[in-house]
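The values are calculated or read from the model by the stated rules, or taken from the named source; none is laboratory data. On a predicted model such as this, the values are computed, not experimentally measured, just so you know. Positions of Cβ are backbone-derived with ideal geometry, glycine not excepted, and every protein chain shown enters the neighbour counts. Ligands, DNA and RNA are stripped out before the accessible areas are found, and what is left, the full protein with its side chains, is counted by its heavy atoms. Shrake-Rupley method; radii C 1.70, N 1.55, O 1.52, S 1.80 Å.
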Amino acid sequence: MTKIFTLLTLLSCTLALPLVHADTHSNPDKQPGDIFHYPHGARNAVSLTFDDARVSQLDVAVPILNKHGVRGTFYVMPDPVRERLNDWRKVVAAGHELGNHTQSHLCTGNFAWLRAQGKGLEQVDLDWLEQDILKTSRFLKTQLGVTAQSFAYPCGNTFVGRGVQVKSYVPLIAKHFSSGRTWLDETANNPTYLDFAQLTGIRMDGMRFEELKTMIEALREDNKWIILAGHDVGENGLYSVDAEVLSQLIHYLKEPKNGFWLETVDKVSHYIKMHRKQPE
């Protein structure tokens, strides 16, 4: 009985221990070739991204980024950009990246706002979607002088069609862009393994700074590239990043002792492609 009691006690203590994420600096099984080195001795790369070309991005987010000397990646559609074209030209001139977010912003028709229009990715094919995407690239080139290198999947959806007719449009993105970013993912991007056409995106909408900090620290294993994704910037909300939280986040990411390299998606993507070994 004494042995059984001792065994149960040890098991209980083991189960009570907190889970610890693996880390390239502490994992004894980590091979030297698996450790990725970023500029300035940074341990992780981080990109701040914003979807949909929302007005608050121009009025709130860009001034915050400019104040701190940080460049963001904005995934845009032609219609909202056209409404404030000169302001978006200033965004480009300030060194921020503009990426492609399609022209029609089609997601699954399970979203009520799309069903009200009788639309959905279930109802289109790859040819239709490719033309929709290319229209946005042409708009960015002719109106802003930007050759879009990065793409963000609207709603994080990467398919067209239904059932046995479903097809992925990830190959389309790999064909036309250097990178494609998804959304609402649970892990960040391992630079020695990631697929550039399916970069993971981590939500930053509606989060307090301490929550973001805790989440980022938990994602740092394997020298990962953390791509944060938001929409509106101003007040905290389901699809909005609090302006003060964004400022706090930038302070945290720019502090040298914290070991982050903060740069646009295209800049980080290009750096990783140039410096990693080809994954098996």
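Miscellaneous remarks
- Qualifying residue in the range 101-112 (condition: in a helix (DSSP H, G or I), crowded, with 18+ Cβ neighbours inside 10 Å, hydrophobic (A, V, I, L, M, F, W, C) and touching a Cys at 6+ places or on another chain (Cβ under 9 Å)): no
- Within the range 113-124, if we keep just the residues that are touching a residue at least 12 places away in the same chain (Cβ under 8 Å) and open to solvent by less than 40 Å² (accessible area, probe 1.4 Å), the residue that is nearest to the chain's Cα centre (by Cα) turns out to be 121.
- Of the residues in the range 78-100, none is of a type outside the set (Gly, Ala, Ser), within 18 Å of residue 183 (Cβ to Cβ) and part of a loop (DSSP other than H, G, I, E, B).
- Residues in the range 125-153 that are of a type in the set (Val, Ile, Thr) and over 25 Å from the mean Cα position of the chain (by Cα): 142 only.
- Residue in the range 44-67 that is part of a loop (DSSP other than H, G, I, E, B), touching a helix residue (DSSP H, G or I) at 6+ places or on another chain (Cβ under 9 Å) and over 20 Å from residue 240 (Cα atoms) present: no
- Subset of the range 118-151 that is β-branched (Val, Ile, Thr) and in a loop (DSSP other than H, G, I, E, B) - its residue that is nearest to residue 174 (Cα to Cα): 147
- Of all the listed residues (14, 24), the sole one being open to solvent by less than 30 Å² (accessible area, probe 1.4 Å) and modelled with pLDDT under 95 is 24.
- Residue 56 being buried (at least 20 other Cβ atoms within 10 Å of the Cβ) and among the hydroxyl-bearing types (Ser, Thr, Tyr): no
- Filter result for the condition that a residue is surrounded by fewer than 20 Cβ atoms within 10 Å (Cβ to Cβ) and closer than 29 Å to residue 174 by Cα, over 225, 261: 261
- Among the candidates 95, 33, residue that is open to solvent by less than 50 Å² (accessible area, probe 1.4 Å) and at pLDDT below 50: 33
The rows are residues; the columns are (1) part of a strand (DSSP E or B); (2) under 14 Å from residue 50 (Cα atoms); (3) among the charged types (D, E, K, R); (4) modelled with pLDDT of 95 or more.
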residue	(1), (2), (3), (4)
241	yes, yes, no, yes
246	no, yes, no, yes
249	no, no, no, yes
252	no, no, no, yes
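- Taken over the range 168-204, the criterion of being small (Gly, Ala, Ser) and either crowded, with 19+ Cβ neighbours inside 10 Å or outside any helix (DSSP H, G or I) (or both) is satisfied by 168, 178, 179, 180, 188, 197, 201.
- If you go through the range 228-237 and pick out every residue that is farther than 19 Å from residue 268 by Cβ and either of a type in the set (Gly, Ala, Ser) or open to solvent by 40 Å² or more (accessible area, probe 1.4 Å) (or both), you end up with 5.
- Exclusive hit being out of contact with any Lys or Arg (no Cβ under 9 Å at 6 or more places or on another chain), surrounded by fewer than 18 Cβ atoms within 10 Å (Cβ to Cβ) and not charged (D, E, K, R), set 278, 248: 278
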